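Notes follow once the structure below has been shown.
The values are calculated or read from the model by the stated rules, or taken from the named source; none is laboratory data. Fair warning: this is a prediction, and the values are worked out from it, not measured in the lab. Positions of Cβ are backbone-derived with ideal geometry, glycine not excepted, and every protein chain shown enters the neighbour counts.
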Amino acid sequence: MGKGGHGRSWGSYPAGSRGDRVGYQESGPSKSENSWGRSGGKKGGRVPWSFLHVCDAHDTLGLLALSEQILEKWVDWHHGGKRSPERMHSTVILKMMDSDHLPRLERLASGTSPVKVSIREIFFERVDRITDAEVYCIGVGLASPGLRQFKDAWTAEEQPDQRKIHVPYDSEGHISLAYILPDYYEQARRFVEEQKQSVVGRAMTVHSITYQDAYGRDSSINFAGAPRTADSSLCERAVKGARCAASSPSESQPFEIDGSMLEGGGQILRMSSAYAALLGVPLRITKIRAGRPKPGLAAQHLESLRLVRDVSSGTLVNDKVGSCEVSFVPSSLKPGSFSADPGTAGAITLMVQASLFPLLFAGGDCSCTLRGGTDVSFSPPLGFLSRVLVPIIRRMGAKVDVSCRKRGFFSSRRRASAAAGV
């Protein structure tokens, strides 16, 4: 628990619950509910659980607005970063692995009125579970007697020694908005004090519970009397890791990509933007390059994103050097002539990594002029591109040509120009 108590258990969400991991699956929703793995955790790699979304489209509780006021330089991206709107949820039942757990949840929800959730407090506390660094958290504590009653009704059907497994918290939930570096302790503490009057007491009514199955896919379970729109079902929720075939990319929730995963470098950014352009799905990448000494977009990453944007006729939001979060909405791939110039000796080959396959599927001849470094540390040299990668891609049926007008090396602060024809 943090030093303020209140029954908070830091970082105790079930495995796979964050739903913001890197990866795409080409599997739209099935007509059969059983194919969603709704019988429990027998298959798939995650532990089923349920929760309430408390950041709605209108931001009724003001959580998104509050989060956006927290300065990015305060945020410890190595130990949690900022919570995205899709992850602003309050746990209902954990470890729903038995065959009767989901039917019980549905039965109880059908007899329960929509629940009211309000903000009980805004807190700033040290996170004691993190032992390798001094990390603080800005968050809000929630109050919901209706949710408490629902949890009690669900656990009443469990053996007494099993109840804490499914509902381990005495509190009615909290949301960790951002993890803060110790250097900004005073600024963050003052920020929390200033926000108390405007935040505490805000309330909303939640009409459904979200159940996440063993494959990380979400479905909505309505409370009694909850309003229901046409075809409200699995597609209306942000189905983690799956493309929702019933809605167009511009209308669907964006895929949430956690840029701090694995090495926390630029590769996640390049590959996820390429996949998004190919599949036509919107994308939101957070904690960009969190594993690097200087997190955020560097010039080369920015130009890579803009190149993919141009090829896919898409739009970018927050695309600037140093940005730790960016949103990308692709449209249709198109052939043509494109260019990219980071203004530095950023690796040309890494820009190729992001744009090559969108260019190959653009539906016609494309040419691309790139300026930057041809032989840059920690990046494939241009020779690898032209002598290894391109020949392999040609064997797959692609027509790719690469020419180099001038070599560019980072140490000499010189840039080169390479032209590629696809």
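Looking at (1) touching a strand residue (DSSP E or B) at 6+ places or on another chain (Cβ under 8 Å); (2) buried (at least 17 other Cβ atoms within 10 Å of the Cβ); (3) modelled with pLDDT of 90 or more, can you tell me which one Gly80 breaks?
Single failed check for Gly80: (3).
Scanning for something under 16 Å from Ile221 (Cα atoms), part of a loop (DSSP other than H, G, I, E, B) and not assigned by TED's automatic domain parsing to the domain that holds Gly296, does the stretch 61-68 turn up at least one residue? Working first, answer last.
Restricting attention to the stretch 61-68, the residues satisfying the condition of being under 16 Å from Ile221 (Cα atoms) are none.
Within the stretch 61-68, none of the residues are under 16 Å from Ile221 (Cα atoms), part of a loop (DSSP other than H, G, I, E, B) and not assigned by TED's automatic domain parsing to the domain that holds Gly296.
Pick from the stretch 84-108 the residues that are aliphatic (A, V, I, L, M) and within 30 Å of Ser260 (Cβ to Cβ): which of them is surrounded by the fewest Cβ atoms within 10 Å (Cβ to Cβ)?
Here is the first cut: in the stretch 84-108, the residues aliphatic (A, V, I, L, M) are 88, 92-94, 96-97, 102, 105, 108.
Adding the requirement that they be within 30 Å of Ser260 (Cβ to Cβ) leaves 88, 92-94, 96-97.
Working: Met88: 22, Val92: 24, Ile93: 24, Leu94: 21, Met96: 24, Met97: 17.
Only one residue fits best here, namely Met97.
If you take the residues of the stretch 332-344 that are outside any loop (DSSP other than H, G, I, E, B) and not aromatic (Phe, Trp, Tyr), which of them is surrounded by the fewest Cβ atoms within 10 Å (Cβ to Cβ)?
Restricting attention to the stretch 332-344, the residues satisfying the condition of being outside any loop (DSSP other than H, G, I, E, B) are 336-340.
Within this subset, residues satisfying the condition of being not aromatic (Phe, Trp, Tyr) are 336-337, 339-340.
On the way: Gly336: 14, Ser337: 11, Ser339: 15, Ala340: 24.
Going through the qualifying residues, I end up with Ser337.
Name the single residue, out of those in the stretch 287-306 being among the aliphatic types (A, V, I, L, M) and modelled with pLDDT of 85 or more, that is farthest from the chain's Cα centre (by Cα).
Step one: list which residues in the stretch 287-306 are among the aliphatic types (A, V, I, L, M), which gives 288, 290, 297-299, 302, 305.
Filter once more, so that each one left must be modelled with pLDDT of 85 or more: 288, 297-299, 302, 305.
On the way: Ile288: 11, Leu297: 17, Ala298: 20, Ala299: 22, Leu302: 19, Leu305: 17 Å.
Only one residue tops the list, namely Ala299.
Filter the stretch 390-411 for residues that are part of a helix (DSSP H, G or I), at pLDDT 85 or above and in contact with a strand residue (DSSP E or B) (Cβ under 9 Å, 6 or more places away or on another chain) and give the result.
Within the stretch 390-411, the first condition is being part of a helix (DSSP H, G or I), and the residues that meet it are 390-395, 410-411.
Next, only the ones that are at pLDDT 85 or above stay: 390-395.
Within the stretch 390-411, Val390 is the sole residue that qualifies.
Conditions (1) in contact (Cβ under 8 Å) with a residue 24 or more places away in the chain; (2) basic (Lys, Arg), marked per residue:
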{"residue": "Gly80", "(1), (2)": "yes, no"}
{"residue": "Arg83", "(1), (2)": "yes, yes"}
{"residue": "Leu94", "(1), (2)": "yes, no"}
{"residue": "Asp100", "(1), (2)": "no, no"}
{"residue": "Glu106", "(1), (2)": "yes, no"}
{"residue": "Gly111", "(1), (2)": "yes, no"}
{"residue": "Ile119", "(1), (2)": "yes, no"}
{"residue": "Phe124", "(1), (2)": "yes, no"}
{"residue": "Asp128", "(1), (2)": "yes, no"}
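Could you list, in sequence order, the residues of the stretch 83-100 that are farther than 23 Å from Val54 by Cα and either touching a strand residue (DSSP E or B) at 6+ places or on another chain (Cβ under 7 Å) or of a type in the set (A, V, I, L, M, F, W, C) (or both)? Walk me through it before giving the result.
Narrowing the stretch 83-100 to residues farther than 23 Å from Val54 by Cα: 97-100.
Met97 - this is the single residue of the stretch 83-100 that is farther than 23 Å from Val54 by Cα and either touching a strand residue (DSSP E or B) at 6+ places or on another chain (Cβ under 7 Å) or of a type in the set (A, V, I, L, M, F, W, C) (or both).
Is there a residue being surrounded by fewer than 18 Cβ atoms within 10 Å (Cβ to Cβ) and farther than 30 Å from His78 by Cβ anywhere in the stretch 345-358?
No, the stretch 345-358 contains no residue that is surrounded by fewer than 18 Cβ atoms within 10 Å (Cβ to Cβ) and farther than 30 Å from His78 by Cβ.
Could you please tell me which pairs satisfy a Cβ distance under 9 Å, a separation of 6+ or placement on different chains, a first residue in the stretch 344-355 that is touching a residue at least 12 places away in the same chain (Cβ under 8 Å), and a second residue that is surrounded by fewer than 24 Cβ atoms within 10 Å (Cβ to Cβ) and acidic (Asp, Glu)?
Ala347/Asp375; Ser355/Asp310
Could you please find all residues in the stretch 308-330 being crowded, with 23+ Cβ neighbours inside 10 Å and touching a residue at least 40 places away in the same chain (Cβ under 8 Å)?
If the condition is that a residue be crowded, with 23+ Cβ neighbours inside 10 Å and touching a residue at least 40 places away in the same chain (Cβ under 8 Å), then Val308, Val311, Ser312, Val326, Phe328, Pro330 are the ones that fit.
I'm trying to understand the selection: among the residues of the stretch 121-177, which are among the small types (Gly, Ala, Ser) and surrounded by 13 or more Cβ atoms within 10 Å (Cβ to Cβ)? Give the steps one after another, and end with the answer.
Step one: of the stretch 121-177, the residues among the small types (Gly, Ala, Ser) are 133, 139, 141, 143-144, 146, 153, 156, 171, 173, 176.
Across the stretch 121-177, the qualifying residues are Gly139, Gly141, Ala143, Ser144, Gly146, Ala153, Ser171, Gly173, Ser176.
Here are some conditions: (1) of a type in the set (A, V, I, L, M); (2) within 24 Å of the chain's Cα centre (by Cα); (3) part of a loop (DSSP other than H, G, I, E, B). Val140 meets all but one. Which one does it not meet?
(3)
Inspect the stretch 233-246 for any residue being closer than 30 Å to Ala277 by Cβ and modelled with pLDDT of 85 or more and give the result as yes or no.
Here is the first cut: in the stretch 233-246, the ones closer than 30 Å to Ala277 by Cβ are 233-246.
Narrowing further to those that are modelled with pLDDT of 85 or more: none.
Scanning the stretch 233-246 turns up no residue that is closer than 30 Å to Ala277 by Cβ and modelled with pLDDT of 85 or more.
Mind listing whichever residues of the stretch 97-126 are in a loop (DSSP other than H, G, I, E, B), over 24 Å from Leu61 (Cα atoms) and in contact with a Gly (Cβ under 7 Å, 6 or more places away or on another chain)?
If we filter the stretch 97-126 for residues that are in a loop (DSSP other than H, G, I, E, B), which is where we start, we get 97-100, 111-114.
With the extra rule that they be over 24 Å from Leu61 (Cα atoms), the set shrinks to 97-100, 111.
Met97, Asp98, Ser99 - these are the residues of the stretch 97-126 that are in a loop (DSSP other than H, G, I, E, B), over 24 Å from Leu61 (Cα atoms) and in contact with a Gly (Cβ under 7 Å, 6 or more places away or on another chain).
Scan the stretch 345-379 residue by residue and report those that are touching a helix residue (DSSP H, G or I) at 6+ places or on another chain (Cβ under 7 Å) and part of a strand (DSSP E or B). Steps first, answer last, please.
Step one: filter the stretch 345-379 for residues touching a helix residue (DSSP H, G or I) at 6+ places or on another chain (Cβ under 7 Å), giving 345-355, 357-359, 361-362, 366, 368, 370, 372-377, 379.
Within the stretch 345-379, Ala347, Cys366, Cys368, Leu370, Gly372, Gly373, Asp375 meet the criteria.
Collect the residues in the stretch 363-385 that are of a type in the set (A, V, I, L, M, F, W, C) and either over 12 Å from Ala347 (Cα atoms) or under 32 Å from the mean Cα position of the chain (by Cα) (or both), keeping them in residue-number order.
Kept after step one, since they are of a type in the set (A, V, I, L, M, F, W, C), are these residues of the stretch 363-385: 366, 368, 370, 376, 378, 382, 384-385.
Cys366, Cys368, Leu370, Val376, Phe378, Phe384, Leu385, listed by residue number.
Answer with yes or no whether Ala57 is modelled with pLDDT of 90 or more and more than 28 Å from Ala274 (Cβ to Cβ). Steps first, please.
Details: modelled with pLDDT of 90 or more: no; more than 28 Å from Ala274 (Cβ to Cβ): yes.
Spelling it out, it is not the case that Ala57 is modelled with pLDDT of 90 or more and more than 28 Å from Ala274 (Cβ to Cβ).
Residue pairs, Cβ under 6 Å, 6 or more apart or interchain, first in the stretch 386-413 and under 18 Å from Ala362 (Cα atoms) and of a type outside the set (Val, Ile, Thr), second surrounded by 12 or more Cβ atoms within 10 Å (Cβ to Cβ) and at pLDDT below 85. List them.
Hits for this filter: Asp401/Gly421.
Given the condition at pLDDT 85 or above and of a type outside the set (Lys, Arg), answer yes or no: does some residue in the stretch 412-421 qualify?
The initial filter retains those residues of the stretch 412-421 that are at pLDDT 85 or above, namely none.
Scanning the stretch 412-421 turns up no residue that is at pLDDT 85 or above and of a type outside the set (Lys, Arg).
Suppose we filter the stretch 259-295 for residues that are under 21 Å from Arg309 (Cβ atoms) and of a type in the set (D, E, K, R); how many remain?
Filtering the stretch 259-295 for residues under 21 Å from Arg309 (Cβ atoms) gives 259, 265-289.
Those left that are additionally of a type in the set (D, E, K, R): 270, 284, 287, 289.
Summing the residues that are under 21 Å from Arg309 (Cβ atoms) and of a type in the set (D, E, K, R) in the stretch 259-295 gives 4.
Out of the stretch 171-185, which residues are under 16 Å from Phe123 (Cβ atoms) and among the charged types (D, E, K, R)?
Once the filter is applied, which keeps residues that are under 16 Å from Phe123 (Cβ atoms) and among the charged types (D, E, K, R), the stretch 171-185 yields only Glu172.
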